[in-house]
Amino acid sequence: MVELDHSFTTGKDTDYNWEAILDLDRIIPCVEGGKVIERTSAESARAEIVVRMGAMSLTFRGTVEVAERDDAAHRAVLRIKSKEKSNQGHANADVTFDLSDGGGKIHTAAQISGRAASMGEGVMVTVLAALIDDFTQKLAGI
């Protein structure tokens, strides 16, 4: 399991950020290479992400769902369950958002197997950290 913590700022108020992270149609494309394939409910979607790890490019397909939400505390957990397109591995994660005025904190707990994991934990951490940093920049722009 790989766990990462990030702080971010958007310059927007908490209510705006809260609405944004709960809107899967808006938030999934904020992940580099991410796109919504189909909305399956108000709080879940089928999605795809193409991840570049050095010279390798991996496509993961699966679900993103709002697994937990606490409207009063502005805390939500998005659960990602995905399989690599070639069925050689998976990437699952719980991404916890704790929002405050102007931004918040993200805790990512990811389980990765297959070709992505074979690159080593250092590469996985670097790639995940870059994806999260890019995500928070795009989140500030939506």
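Within the range 36-51, the residues that satisfy the criterion of being surrounded by 13 or more Cβ atoms within 10 Å (Cβ to Cβ) and either part of a helix (DSSP H, G or I) or without any contact (Cβ under 8 Å) to a residue 60 or more places away in the chain (or both) are 36, 37, 39, 40, 43, 44, 45, 46, 47, 48, 49, 50. Among the residues of the range 85-100, those identified as of a type outside the set (Gly, Ala, Ser) and in contact with a helix residue (DSSP H, G or I) (Cβ under 7 Å, 6 or more places away or on another chain) are 88, 97, 99.
What do you reckon, is residue 70 acidic (Asp, Glu) and over 19 Å from residue 42 (Cα atoms)? Against the criterion (acidic (Asp, Glu) and over 19 Å from residue 42 (Cα atoms)), residue 70 does not qualify. Could you list, in sequence order, all residues of the range 103-122 that are assigned to a strand (DSSP E or B) and among the aliphatic types (A, V, I, L, M)? Listed by number, the residues that qualify are 106, 109, 110, 112.
Here 76, 93, 67, 117 are screened, and the one residue that is touching a strand residue (DSSP E or B) at 6+ places or on another chain (Cβ under 7 Å), more than 26 Å from residue 13 (Cα to Cα) and among the small types (Gly, Ala, Ser) is 93.
Residues in the range 110-139 that are surrounded by 15 or more Cβ atoms within 10 Å (Cβ to Cβ), among the small types (Gly, Ala, Ser), out of contact with any helix residue (DSSP H, G or I) (no Cβ under 9 Å at 6 or more places or on another chain) and under 17 Å from residue 31 (Cα atoms): there are none. Residues that are without any contact (Cβ under 8 Å) to a residue 60 or more places away in the chain and not hydroxyl-bearing (Ser, Thr, Tyr) are absent from the range 100-113 altogether. Given the criteria over 23 Å from residue 137 (Cβ atoms), more than 13 Å from the chain's Cα centre (by Cα) and not basic (Lys, Arg), does residue 19 qualify? No.
If you check 86, 41, 100, 57 for being in contact with a strand residue (DSSP E or B) (Cβ under 9 Å, 6 or more places away or on another chain) and at pLDDT 90 or above, only one passes: 41.
The values are calculated or read from the model by the stated rules, or taken from the named source; none is laboratory data. Because the structure is predicted, anything quoted here is derived from the model rather than measured. Virtual Cβ from ideal backbone geometry, glycine too; neighbours counted across all protein chains shown.
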